[in-house]
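What follows is a single structure, written as structure tokens, with notes after it.
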């Protein structure tokens, strides 16, 4: 039984026919839509490398069946920068050395974007660490990651204030 | 993963009608899809419930009860300000479970029907009576650190992994169910089942039935000023409980007027003992009283392997949760919910 779905990824509409309902959103992105930025780590929802935003919420794309995201709006790491202008979270990860090997980084960054949008952690380092616990970094760059998220949260809050002033 | 048919019904009636033996209902998928990957589960058909209308609201009803639709996502419930103010230990328990990504996807109904994290069940290969009735139990004699110390049987020694279910049990939640034979309600105390000789029957749900809502009675909100969830785990975040406790008190004129205590990760269901609660009523809060209540709550505990330490750990966790509850619900959610760390004012 094949399933036709339609979804938006980073602003572009995609109509996809799934021959098999077993395809995860992660595999759809990487293998059908040629967007390998989203990484496959554990493939079991334990490492966070596959984190993307679905309708603005961060989720594990490895545990999300593609057939269930019909009509959804997806944002992946490929959708954050505007041309050569990096997203503030991307900039902060570079400035704070928030990675070593880089494999978990797309998931870390997408998770951080989700965390900041949720607004429950503010710029409190303890709450940021807790809010980022779904993203494992085996190089253990956690100190830089937490500081990068804190810095990005501050910068984005200041930008918001400037815009609304 | 085994191949399956997929269907997305538009109403509860359609969903129930779509059910056939071997089918499974799909919510957020955070547990089911994982188990389908390991091979522990292989449904022939997935019935996606996430588009059913009317099941994603949190409402206070005319009788003062609070009704949580089964499709409310865990994170949305925990961060709902009104809900968290009325039922702080429920919010704290949810935020102590899983990761933000999983809480964003997981539904509250799915949380209740999630399966044990017993590794011998999950791997799809080991002998497991819960997965393949009658085949045996490889957990017995295995690594039993996460296994039960209460209510287990020779068929199964697994625990229920939900944090959310523990305060729900303490607060006398009621589970609303729809199915082929109509709608009914089951008290939380009867929803999860102890293994006995039929560990494969994990809940009170009959074949084809769906959890549609969780209701907290009006009197559950009376505990808001003194209720805490405390969870011991191998790391501070994103880990299942070794043991946990939900403790809630009503304190009037320096004495306990009402008490609730439920323990998590010690059995195949949240563990609640009426006598442990009753002995606190009328007494002033004290460490000695809470130790006695905790001991009463763990009465009859027996190691199911090399896990006798869990009995003492659970006693201490229950007593400490009661002491935290007596100290008062914190004005804001702790940075590390339900943790022994980072909460000095309520240590």
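Scaled against the 2.2 N^0.38 Å expected of a compact globular protein of N residues, the Cα radius of gyration of chain B reads 0.96. Computed over the alpha-carbon atoms, the protein assembly as shown gives an Rg to Rh ratio of 0.96, Rh here being the Kirkwood radius from the mean inverse distance. Short-range pairs are left out: with C-alpha atoms under 8 Å and at least six residues apart, the relative contact order of the stretch A:88-164 is 45 percent. Partner shielding of A:55-64 amounts to 6, given as the average count of beta-carbon atoms from other chains within 10 Å of each residue beta-carbon.
Between helix A:142-164 and chain A there is an angle of about 90 degrees, using the helix long axis and the longest principal axis of the Cα atoms.
Residue by residue along B:45-51, Cβ atoms of other protein chains within 10 Å of the local Cβ number 2 on average.
Taking Cα atoms only, the orientation of helix A:105-118 departs from the longest principal axis of chain A by about 70 degrees.
The Rg/Rh ratio for the stretch B:87-149 is 1.07, where Rg is the radius of gyration of the alpha carbons and Rh is the Kirkwood radius.
Relative contact order for chain B: 17 percent, from Cα pairs under 8 Å spaced at least 6 residues apart, divided by residue count. Cβ crowding within 10 Å, taken as a proxy for footprinting-reagent exposure, orders B:126, B:75 from fewest neighbours to most as B:126, B:75. When you count the other C-beta atoms within 10 angstrom of each residue and take the mean per peptide, B:298-306, B:245-253, B:99-107, B:210-218 line up highest first as B:99-107, B:245-253, B:210-218, B:298-306.
Distance distribution P(r), the stretch B:97-214, all Cα-Cα pairs, bin width 10 angstrom from 0: 13, 40, 36, 11, 0 percent. Model label points for residue A:81 and residue B:235, set 7 angstrom from Cα along the Cα-to-Cβ axis, are 3.0 nm apart.
In units of the compact-protein estimate 2.2 N^0.38 Å, the stretch A:3-77 shows a Cα radius of gyration of 0.97. When peptides A:104-116, A:71-83, B:187-199, B:152-164 are ranked by their average number of other Cβ atoms within 10 Å per residue, the highest-first order is A:104-116, B:152-164, B:187-199, A:71-83.
With contributions of -39500 (n - 2.57) from each DSSP H run of at least four residues, the per-residue ellipticity at 222 nm computed over chain A stands at -10000 deg cm²/dmol. Using Cα pairs closer than 8 Å and at least 6 residues apart in sequence, work out the relative contact order for the stretch B:1-99, in percent. It comes to 24 percent, rounded to a whole number.
Based on the reciprocal of the average 1/r between different C-alpha atoms, the Kirkwood radius for the stretch B:203-347 equals 16.1 Å. Using just its DSSP H runs of length 4 or more, each adding -39500 (n - 2.57), chain B gives a mean residue ellipticity at 222 nm of -7000 deg cm²/dmol after division by all residues. Peptide A:17-29 shows a mean partner chain C-beta count of 2 within 10 Å per residue C-beta. When A:1, A:35 are sorted by how many other C-beta atoms sit within 10 angstrom of their C-beta, beginning with the fewest, the order is A:1, A:35. Across the stretch B:1-137, the volume of the C-alpha convex hull divided among the residues equals 135 Å³ per residue.
Under the simplified labelling scheme, the residue B:154-residue B:38 pair shows an inter-label distance of 2.6 nm, with each label point 7 Å from Cα along Cα→Cβ. Between the stretch B:84-116 and the stretch B:190-251, how far is it from one alpha carbon centroid to the other, in angstrom? For the stretch B:84-116 versus the stretch B:190-251, the Cα centre distance is 10 Å. For residue B:257 and residue B:340, the difference between the fully extended length at 0.36 nm per residue and the C-alpha to C-alpha distance is 27.2 nm. A viscosity of 0.692 mPa s and a temperature of 37 °C, combined with the Kirkwood radius over C-alpha pairs in the Stokes-Einstein formula, give the stretch A:20-165 a diffusion coefficient of 213 µm²/s.
Any read-out appearing in this document is the output of simple, stated calculations on the displayed coordinates, not a laboratory observation. Quick caveat, the model's predicted, so the values are computed rather than measured. Note that each Cβ is placed from the backbone with ideal geometry, even for glycine, and that neighbours are counted across all protein chains shown.
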